[in-house]
Amino acid sequence: MYYRPVFTKIYQRIQDKRRFIQVLAGPRQAGKTTLARQLLQKKDVSGHYASGDEPTLKNASWIEQQWEIGRLLLKQSDKRQPRVLILDEIQKINNWSDIVKKLWDEDSAAKLNLHVILLGSSPLQVQKGLSESLAGRFELIPITHWSFSEMRDAFNWNFHQFIYYGGYPGAAPLIDDSERWQNYIRDSLIETTISRDILLLNRVDKPALLKRLFELGCQYSGQILAFNKMLGQLQEAGNTTTLSHYLDLLSTAGMITGLPKYAGQKVRQRASTPKLLVLNTGLMSAASGLNFIEAQNNSVFWGRLVESSIGASLFNQLIGKHVNLLYWSSRNYEVDFVLQKGNSILALEVKSGQNKFTLTGIDKFSQEFEVQKKLLVGRGGIPLDKFLLLRPEELF
């Protein structure tokens, strides 16, 4: 059985005598439910698991019923051993945070040491509930797309496979059948995430526009595209504010994001033209229609896939690390990725093709800003497979 590194962190929190609600939030198919079930398989842990994603109608009373089961387990067992209540897809229950707060405070007053773990595949909705009702009572543990090291250790993948197929563990058994793998990504992940985690839980006045924006993000991943140009590509007469909001929704769902431009001033960063980036290259590969061999033989597409893989790995691993991921451009100069940690700036270029290149973008960037490090990833620099195994915070 393979255990993700984050499993140890969650397990240690259960053993800790300090009481906090553990909240595991992240995109679909990142392994949240598997992590939870693995916890209950430990010999020194027992508890109760229930999912709000089951077909029967769920409401606040359902949470109370599941909570009572957890309390009964606690009273009937050795109090020295942790007892865990795990509620999956918690964001599907209306007013979930209010009832969780009530029950948690009741346990605190009664000195009941029931460990509670909440799982959610809509991070935006989960965060909203936490900030509204559960301030000071929770500890958020981001569950991100799988990294190269995790896919390698669990499935014996090489870095070429990771670049194309991305970090979806549930799809790993299907990679020998290209058509089946692509259908799984499109039907079970893309359509389900958009329809159930975004459209069902957020106000979206133009769902067709949001879906086309996702397709555009896959097509132009790794490229800088102004919102006005996006509207032109989408053949949509609309509000750029609406488009920016939809991009935020897709980002919180772990699909695509828009990296801001580094400008030395946060106000200018927020108003900048975004650089589109898929957060799991499996989405980009499935949308392309190219199989694994065809993608590698297409130098232009493979180059964009490599850059997107590096960007997605940086983005996912930097969540919660207080490091900003940005890009920089000025006229014909560009730096693929800029990492900002406090006052420290790191400039990073990704090179995968066989064409001649220069690093004038980084040189120009260094003339305008104080850069701590300048890194080249790929041909002539840090090998792609080696870089994908690094932890980004170690680069500083």
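Please treat every number below as a calculation from the coordinates, not as lab data. Since we're looking at a predicted model, the values are computed, not measured. Cβ sites come from the backbone with ideal geometry, for glycine too, and all protein chains shown count toward neighbours.
Summary table below
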item: Semi-axes of the equivalent ellipsoid for the stretch 113-156, Cα gyration tensor, largest first, Å; result: 29, 14, 8
item: Over the chain: helical MRE at 222 nm, DSSP H runs n ≥ 4 each giving -39500 (n - 2.57), nearest 500; result: -12500 deg cm²/dmol
item: Table column - 3J(HN,Hα) (Hz), the stretch 366-375, Karplus curve with 6.51, -1.76, 1.60, x for Gly and Pro; result: 5, 6, 8, 9, 7, 9, 6, 9, 10, 10
item: Residues whose placed amide H lies under 5 Å from that of Ser51, excluding near-sequence neighbours; result: Asp88
item: Convex hull of Cα atoms in the stretch 1-76, direction-averaged projection (nm²); result: 6.4 nm²
item: Sequence-separation-based contact order of the stretch 5-142, relative, with Cα cut under 8 Å and 6+ spacing, percent; result: 38 percent
item: Kirkwood hydrodynamic radius (C-alpha pairs) into Stokes-Einstein, the chain, 25 °C and 0.890 mPa s, D in µm²/s; result: 109 µm²/s
item: Two-decimal Rg to Rh for the stretch 175-329 - Kirkwood Rh, Cα set; result: 0.96
item: Other-chain or far-sequence residues with amide H under 5 Å of Phe138's (modelled H); result: Ile21
item: Qualifying lysines (Cα of each under 16 Å from Cα of Lys341; at least 8 residues distant if same chain); result: Lys261, Lys266, Lys321, Lys373, Lys374
item: Cross-link reach list, aspartates and glutamates versus Lys42, counting only Cα pairs under 18 Å and skipping chain neighbours closer than eight places; result: Asp16, Asp78
item: Rel. contact order, % - alpha carbon contacts under 8 angstrom, at least six apart, the chain; result: 14 percent
item: Rounded to 5, percent antiparallel among DSSP beta bridges of the chain; result: 35 percent
item: Too-long pairs where the Cα-Cα distance tops 32 Å, listed order kept, from Lys43/Lys111; Lys128/Lys386; Lys92/Lys229; result: Lys128/Lys386; Lys92/Lys229
item: Label-point separation in nm, Ser366 to Leu389, each point 7 Å along Cα→Cβ; result: 2.8 nm
item: Centroid-to-centroid separation of the stretch 102-175 and the stretch 1-29 [C-alpha atoms, Å]; result: 8 Å
item: Amide proton proximity set for Gln223, modelled H, under 5 Å, gap of 5+; result: Leu276
item: Kirkwood hydrodynamic radius (C-alpha pairs) into Stokes-Einstein, the stretch 134-195, 20 °C and 1.002 mPa s, D in µm²/s; result: 161 µm²/s
item: Kirkwood Rh and Cα Rg combined as Rg/Rh, the stretch 1-152; result: 0.94
item: Residues Met1, Met284, Met255 arranged by fewest to most Cβ contacts within 10 Å; result: Met1, Met255, Met284
